[in-house]
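Beneath this line is the structure, given in structure tokens, with notes to follow.
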Amino acid sequence: MTLELKKLADYKDIMERCIRCSMCKWIPQVQIKSWKYAQVCPSIDEYNFHAYSGGGRMIIALSLLTERIGYSEELLNIVYRCTACGACAVSCKYLNDLEPLEVIEALRKKIVEDGEGPLPAHKKYMKLTEEVHNPYGEEPSKRLDWLPSDIKVSKNSKLAYFVGCTTSYRRKEIAIATARIFNKAGVEFQLLGEDEFCCGSPILRAGGEAQVLDLIKRNIKAFKERGIETIVTSCAGCYSTLKADYPRYVKHDFKILHTSELLEQLLKEGKLKLKKEVPLTVTYHDPCHLGRCSEPYKEWHGEIMEPIPLVRFPVPPLPLRQGTYGCYYPPRNVLKAIPGLKLVEMERIKEYAYCCGAGGGVKAAFPDFALKTAGRRLEEAIDTGADTLVSCCPFCATNLQDAIKANNAPIKFYDLTELVLKAMED
Amino acid sequence: MTDLQAKLIEIVGEQNVFKDEDVLETYYKRYADNFLVKSPIKPKLVVKVKKKEDIQEILKLANAQNFSVVPVSSKAVDPNASDAPHSENTIILDLTEMNQVLIVDRKNRMCMIEPGVSFGQLFPIVKKEGLRLLTPLLPACNKSVVTTALEREPITIPRYQWDSSDPLLCTEVVFGTGDLFRTGSAAGPGTIEEQRASGQAQKNPLGPTQFDPFRIIQGAQGTIGIVTWISLKCELLPDTRKILYVQAEKLENLLDFLYTLLKRRFGDELFIVNNLNLASLIRETSAEITKLKGKLSPWTLIIGLGGRQPYGQAKLEFLEAELNDIAKEQGIQLLNEIENISNEDVIKIFDNCTKNPWKLRYLGGSQDIFFLTTLDKTPRFIDTFNKIVESTQFSKDDIGVYIQPLVQGCNCHCEFNIYYNPSDTNIKQKARELFEKASIQLMDQGAFFSRPYGIWAEEMYKRVSPVVVDSLQKVKAIFDPKNVLNRGALCFKEESA
Amino acid sequence: MIKDNEYEALEKIVGSQNISREPVILDTYAFQWCAELLNVINDKPPARYYLRPAAVILPSSTEEIQQIVRVCNKYGLKFKAFSTGLGPWNCVSTPRTIQIDLRRMNKIVKIDTKNQYAVVEPYVSGAQLQAEVMKFGLNCHMPGAGPQVSPLASATSMAGPGFTSASTGFAGRNVLGVEWVLPSGDLLQLGALGQKNDPDWFTGDGPGPSLRGIMRGFVGAKSGLGIFTKVAVKLYPFPSKPEWKISGESPNYKFEIPNYLKFYIINYKDWDALTNALRRFEEEEISFMCYYASRGAICASFANSREEMFSYYSIHTRLKRPLTLMIGAQTEREFEYKKKIVEGLIQETGGKDYTKKIKIRDVSYAEALRCLLGFHGFLITGCFQSTHGGMDTIEMAIRMAKLNAPIKRKFIEKGGIADDQGEGVWLATYERGHMAHCEMPTMYDATKPESVVGWVEYAHACDELDLKEHLGIPFFIEGDKQHEWYGPHCMNYHIWLRKIKEAFDPQNIADPGFYITSKKTS
């Protein structure tokens, strides 16, 4: 809601005001176009008990805070079987002003602070990140293993391509495509290489606030030392963390761009020319962290007034993150610029897109749940009649491709940059 | 004089208790020849009542002395013999003189009437107030309005039937226990007078609170309670009218068009009849009916349109134009008139009753088979019925068919009329054979006999889940624990008391 | 507490992943909208939690429900069904009661486009059903609670007033075939569904008396007499072209208003003029929606924030007794005809067309079609609940609104409930004006004990007013205490209601807390 960082107790009032309407389980009501794709929360779709919804977790948080319940294995499982995709918050805030996602995040932080969590899988990647600066435990020296020898990198560019851990180590094809596009379009960029540490997203989502603060400080320092002004990333997780989360801890004035935004800009400026036909029918999956979760938090200095008794009135009006200003159009505009490509939309898109299932530490701790969620999203993609699913996030890419493989699904997956590259190749 | 007779005289006075054979015979004759009645039973006594308190007393006596009570509200003979006793020890409670029109309320589009109020009595009263009744197709003038509403008889304007219970709203009822009750919003708080002073008009049939006793009373053939008044939903009487027709050789050719009209909520009166039934409705004598029937297509869909000042004309113009467009789109010929039938001929069968029951006009006798289904299933049932007509060698020319969409088009009443000359015993026997065979075969095919009179009851309850029967018996045991009301009817056999 | 062997018997039916007795899960079923009111009504502190169920179970089929209910009978456990679950009446009311969460039963079983009905399971939402039936040009009734709630629950178990009731009726009167698990575990199928040959959903009445008569009444039995597993509900024509084109991002959605749909706000100078207008508009049978909502309620319905709502409220001071009307049509001709009637009626009834003065966003049309206007009420204090609720005529409903205002003002002065100048009213017509109901949405702060107590005291005064002035039976007359208060004033109906409970559930296996208790319990 606001830039200010809050503890779980600060959300007590919000938790108590949940009306248990269950709007958090559905896409915004006016967007519902079918029985099949009306729901929005992967967690309750899988586990069904109310506890597994945004509202349910607010109740759990309240129960824990007010000591109606204590910690238990079941509690930890429920709290972490959530991709923290934020869809619940968008639906809730269509006609209300509660903050289920922030409560979930605050609850996770409390769990970590209390020494009760996170889950072993999260602890493992948090430890690895501390040791080798990436959650995969890969050698820092191998961070640029993906880099083909013919790619031109400019050490002194004020624009840095922040590759991100997943792209660097697991989705190298995205890094390669991105770098090649930049070269072809004449975009000078620097790479941080071994100096690129994890952005902190996986740690933050698991509730590791103290650890993430160190990372944030360190990364900002590194960016400054390298004279970086603009950071471009092809990872949605890095993007929202750098753009929305970092300023809550340390204010910065770097310009944060997702590759799709830069590509759109290049297209507009005529620096990027897409001439080759890519005859695909494509549907686009909005990564949660490129979309609704990337909306920055805003400063708010006001107070809650009661001009009429019992009618609470934040003065000035409280800024709400409703998913309004996520990055939705740049990827679509880039896709539309590709000759021969037909873009067809899924029912759940933009701020009410269904999560791929990987985020919030779920892929690490509950891989089966992650895979099932991706399977649901694939079904929706296939229902559009598309032969290709496109997204803009290496984490989504991994999970969705795992699901394609597991389900032998009749659909291909590409990152946006890969298609752009296809359209550029002679 | 028996002890029972004496006690009844004590309640209603000597002049209202009848034991004379000729009186009993009059009642007996109403149902004795009806095919629905397997073994007609003569009542022990007939008691005329005018006050609810007397009904209460009589039912308390019935509980104490273990006799059965069958209410009769119509002077007209009931073609379905719902007033036939099923138990030897039965008295008839004649409510025909309990016939006050208690309220006619134009503003709230309702009236409140006692059970003996007949159509002939009520039509002019409500019309004078600018209201129309929601009635079965051309009812007999001496038929009880309350009975038709209580028996869920089909009404001719489906778009005004929001719930299957319409037009019945609230009721005042004496349960089998002798307790007086009012259903729906009439239950209170407050007396009816107090409610009316607060602006209420006994319009909400639901409740009180968490049950709908009116739905248990309705369709019960007098086995749950004896109703002392009902409030009845009325509509505004149109002052501008127009009738349109569609004719077809095959019933199937009318259905899509009819479905469209139902979906658009177009048309007031809306039903299908075969040529014999249309002729019977329009003409008064057998000869005229035969003559007209020969000139009509096998099937006719009748569409009544109505409007009221000051917008009536505009409404009719709009409706007619829309209907014409739909007809054109569906390749349907929409007629303004059919040969030899004037608009006035048809209009007069609406908002009206007859002293010459239309089903008796052709041959003097009729036995009806009717059930609920959906429009799309009707051709199948008609096919089945026709095959049985053939197999029983009954004259297919003497069969009437009436299809009435109900509940805004969600289902329909499908009715076969077996017309026969009651003085021809041979034909009558054939008619009975056809009736019995067809009833069973239609049930077996899924025709839902929702109002199972007489011999249908046993057959129908055999064909539903035992949980339904068990549940009905539990309900009966609450409101009439000693089974004094129409004992033996429906699934409430003597032994279930 | 549920014993291990009891739990295991239930677990065997649904599998371990579909049952829980973990406090962390149970607590999420104890927390409810308005639970604090219920606590105060029951002389408890105003906590946001009501009772915790003994366990929560998630069946996937009617057969599983029957088995669960039989296990309850065997071990003396009670059960309480729960579908989309909005409101404290969804909570269990006694210990050793298991909550049967029907979320996994979420199918639209059938859409009969010709005969205009749909068969739904408990966890289908109104919006889901509408989205599917509108593909066939049809619409479904949705209650004022919103499109996220269950049409099955509304049709079988709750009061069902809605914003579109003028043209889509009352939920309890839209019921056709019903599949119902009785407190014994037996399966009762109403109407044609109960027949062995070609069972079908098109009617729920008969043979003979309709067992719908013991099913729900005006306000629903709230699972007090079993569990409804499927219901056929009547469908209605979609009011306009069945198109749904919406763009933009939340909350700034842009809705392409489908052809032939129009909102009107028509202002009347006093109650009498409004009464006459409601009646006349409904007599002409043209409305899709036709209701009275107070000035504040109108401002809230069309606002997206508190600030916007209050700015509207201060501007539209000339709105006295506004009638909200929406008309819809399938063709240009029908639309023109209806508009002409509206114009004529405005003139005839002495109304002033205020529509153009109010900023009605295009998305408000989507919200109206989807029955989402009422939800705007939560924007103000974050919580409201209605009092009254009786249904009969338009005149009675208006009288209720008039008589209530001074009482409400008195309680506003006391400080318990929020200040709407006593005017907060929603009065909807039903079935072309044949009926009307009136309720008083009343804002309070669920987190402030004095406000919760204030609401309860005010609600009690409303219930007393209904008794004294003969204004029908309010929505929330349910449970023994309330029934025993109102019953003697209303033909002692509670005695008969209790007999039904005793006949079908003598041991109170179906949670009687929001229904009535059998006294036959051994």
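The values are calculated or read from the model by the stated rules, or taken from the named source; none is laboratory data. None of the values given here were measured: they were computed from a predicted structure. Don't worry about glycine lacking a Cβ; one is built from the backbone with ideal geometry, like all the others, and counts go over all protein chains shown.
Identification of helices (runs of 4 or more DSSP H) wholly contained in the range C:313-420 with 2 or more residues that are within 13 Å of chain B (Cβ to nearest Cβ) yields C:332-349, C:394-414.
For the range C:242-285, give me the residue count where each residue is of a type in the set (K, R) and either over 26 Å from B:G306 (Cα atoms) or assigned to a loop (DSSP other than H, G, I, E, B) (or both).
Count: 3.
The number of residues in the range B:93-128 that are of a type in the set (S, T, N, Q), in contact with a Ser or Thr (Cβ under 9 Å, 6 or more places away or on another chain) and closer than 23 Å to B:I349 by Cβ comes to 1. Would you confirm whether or not the range C:429-443 contains a residue that is modelled with pLDDT under 95 and either assigned to a helix (DSSP H, G or I) or of a type in the set (A, V, I, L, M, F, W, C) (or both)? Yes: the range C:429-443 contains one or more residues that are modelled with pLDDT under 95 and either assigned to a helix (DSSP H, G or I) or of a type in the set (A, V, I, L, M, F, W, C) (or both).
Can you find a residue that is surrounded by fewer than 19 Cβ atoms within 10 Å (Cβ to Cβ), closer than 19 Å to B:D325 by Cβ and away from chain C (no Cβ under 14 Å) anywhere in the range B:253-268? Within the range B:253-268 (the criterion being surrounded by fewer than 19 Cβ atoms within 10 Å (Cβ to Cβ), closer than 19 Å to B:D325 by Cβ and away from chain C (no Cβ under 14 Å)), the answer is yes, since at least one residue qualifies. Here the range A:31-46 is the region considered, the condition is being within 8 Å of chain C (Cβ to nearest Cβ) and touching a residue at least 60 places away in the same chain (Cβ under 8 Å), and the residue that is nearest to A:K110 (Cα to Cα) is A:Q31.
Condition check: at positive phi and either in contact (Cβ under 8 Å) with a residue 24 or more places away in the chain or not in a helix (DSSP H, G or I) (or both). Does C:G204 satisfy that? For C:G204, the condition - at positive phi and either in contact (Cβ under 8 Å) with a residue 24 or more places away in the chain or not in a helix (DSSP H, G or I) (or both) - is not met.
Of all residue pairs spaced 6 or more apart or on separate chains, those with beta-carbon atoms under 8 Å, a first member in the range A:217-239 that is within 27 Å of A:D286 (Cβ to Cβ) and a second member that is crowded, with 24+ Cβ neighbours inside 10 Å and of a type in the set (D, E) are A:S234/A:D415. The strands (runs of 3 or more DSSP E) found wholly in the range A:300-405 and carrying at least 2 residues that are within 14 Å of chain C (Cβ to nearest Cβ) and of a type in the set (A, V, I, L, M, F, W, C) occupy A:303-308, A:311-315.
Of all residues being small (G, A, S) and part of a loop (DSSP other than H, G, I, E, B) in the range A:269-299, which is farthest from A:N96 (Cα to Cα)? Just the residue, please.
The selected residue is A:G270.
There is at least one residue in the range B:67-85 that is out of contact with any strand residue (DSSP E or B) (no Cβ under 6 Å at 6 or more places or on another chain) and among the polar types (S, T, N, Q).
In the range A:50-95, which residues are facing chain C (nearest Cβ under 7 Å) and within 25 Å of the chain's Cα centre (by Cα)? Result: A:H50, A:A51, A:G56, A:I59, A:I60, A:L75, A:I78, A:V90, A:Y94, A:L95. Considering each residue of the range B:21-38 in turn, at least one proves to be outside any loop (DSSP other than H, G, I, E, B), more than 26 Å from the chain's Cα centre (by Cα) and either small (G, A, S) or at pLDDT 95 or above (or both).
Hey, any hits in the range B:203-216 for a residue that's surrounded by fewer than 24 Cβ atoms within 10 Å (Cβ to Cβ) and either in contact with a Gly (Cβ under 9 Å, 6 or more places away or on another chain) or closer than 30 Å to B:E53 by Cα (or both)? The answer is no, given that none of the residues of the range B:203-216 is surrounded by fewer than 24 Cβ atoms within 10 Å (Cβ to Cβ) and either in contact with a Gly (Cβ under 9 Å, 6 or more places away or on another chain) or closer than 30 Å to B:E53 by Cα (or both). Looking only at the range C:500-522, how many residues end up being within 22 Å of C:I98 (Cβ to Cβ), within 11 Å of chain B (Cβ to nearest Cβ) and of a type in the set (A, V, I, L, M)? Residues in the range C:500-522 being within 22 Å of C:I98 (Cβ to Cβ), within 11 Å of chain B (Cβ to nearest Cβ) and of a type in the set (A, V, I, L, M): 1 in total.
C:G424 passes every criterion in (1) over 23 Å from C:E36 (Cβ atoms); (2) modelled with pLDDT under 95 apart from (1). Taking the stated definitions as given, is B:S423 surrounded by fewer than 24 Cβ atoms within 10 Å (Cβ to Cβ), of a type in the set (S, T, Y), at pLDDT 95 or above and more than 30 Å from C:V181 (Cβ to Cβ)? In short, yes. Taking helices (runs of 4 or more DSSP H) as the structural unit, those lying wholly within the range B:375-484 and holding at least 3 residues that are more than 10 Å from chain C (Cβ to nearest Cβ) correspond to B:378-391, B:425-444, B:454-462. The test for being under 15 Å from B:L270 (Cα atoms) and either surrounded by 22 or more Cβ atoms within 10 Å (Cβ to Cβ) or among the basic types (K, R) (or both) does not hold for B:Q367.
Here C:C290 fulfils each of the conditions (1) free of Cβ contacts under 8 Å to residues at least 24 places away in the same chain; (2) crowded, with 18+ Cβ neighbours inside 10 Å; (3) touching a strand residue (DSSP E or B) at 6+ places or on another chain (Cβ under 6 Å) apart from (1). Of all residues in the range C:435-450, exactly one satisfies the criterion of being of a type outside the set (A, V, I, L, M, F, W, C), crowded, with 23+ Cβ neighbours inside 10 Å and free of Cβ contacts under 8 Å to residues at least 60 places away in the same chain, namely C:T442.
Just one of the listed residues (B:K203, B:K250) is assigned by TED's automatic domain parsing to the domain that holds B:L334, at pLDDT 95 or above and of a type in the set (K, R), namely B:K250.
Of the helices (runs of 4 or more DSSP H) lying entirely inside the range B:111-219, the ones with 2 or more residues being within 28 Å of C:H489 (Cβ to Cβ) and of a type outside the set (S, T, N, Q) are found at B:145-150, B:192-197, B:213-217. The requirement of being within 11 Å of chain B (Cβ to nearest Cβ), touching a residue at least 40 places away in the same chain (Cβ under 8 Å) and part of a loop (DSSP other than H, G, I, E, B) is fulfilled somewhere in the range C:479-499, by at least one residue.
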